[in-house]
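Note sheet for the following structure.
Nothing in this text is a laboratory measurement; each read-out follows from the coordinates by a stated rule. Given the structure is predicted, the values throughout are model-derived calculations rather than measurements. Please note: Cβ atoms are built from the backbone with ideal geometry, for glycine as well, and neighbour counts cover all protein chains shown.
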Amino acid sequence: MKHTTFESEFWERFEQSCRPRIESACQNHLHRMRNTCVDLDDMVSWANCRVWKMIEERPNELLGDDLTPEECADRISNASQMLARWAYLALVRKSTRLAERERPCDMERILSLASTKSSTPRIEKSESTKAAIETLRSRLNADLRGKLAASWKDPAERERVANALGANRVEDEELRNSVASGELQVNTVEKMRSRSLHRSRDIMKALRKNLAVLLLGLSLSVVSASTAFASNGGDDDGGEQTGGRCVVVE
């Protein structure tokens, strides 16, 4: 069997059988643990990202030449409960670390505040916040800003995030349309979100800032700053993260 045909059939089988099994295992494990701090979608995303990473790093172990695509997919399906446990432990540990470092914030409240108009928003009075906003815009390259906006978890907020990040190029709009229409596969969108968020949080970590709070600042300052920045572009000092690390999506 040709390699491309094998991969195509494997991923088709993965979507049909593995993904539902993984989602069901995550749901059952979360129900048993009775933990309301871990999101089901985040668990499923983490488990799927883990599968992709293992296949990228050790393809011969999971996609053996002596196995059919169906048999390879079944091996992953049979490990769905183990993947669910791994995902739960990883997210609990990460949420604990975040709680220790950052002041908790309600994303819905932030987005609601971001939609209100104010001539002198209080957050813009903070010089450190304004500096952090400019740093995020300048160090996150145009492609990553477009991917972050297009893959934002809440589809209703993608346009607002795009305006805040200055991701309004023609190719950025085409990417958002492709995601909205379902042209791109779910796993492709999740990978895109994972990697763009990982790079963004690396920048925010160095500045000791919360990404969600900065997005509020970006939304509030879009009238005065984002148009000018979008016309000038932006570069990424550190380059795009190309690994398969998965993060908790806010």
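Side notes on the structure shown:
- Of the peptides 161-173, 181-193, the ranking by mean beta-carbon count within 10 Å, highest at the top, reads 161-173, 181-193.
- Glu12/Asp202 FRET efficiency (R0 45 Å; Cβ-Cβ; nearest 0.05): 0.85
- Quotient of Cα Rg and 2.2 N^0.38 Å for region 3-101, N being how many residues it contains: 1.17
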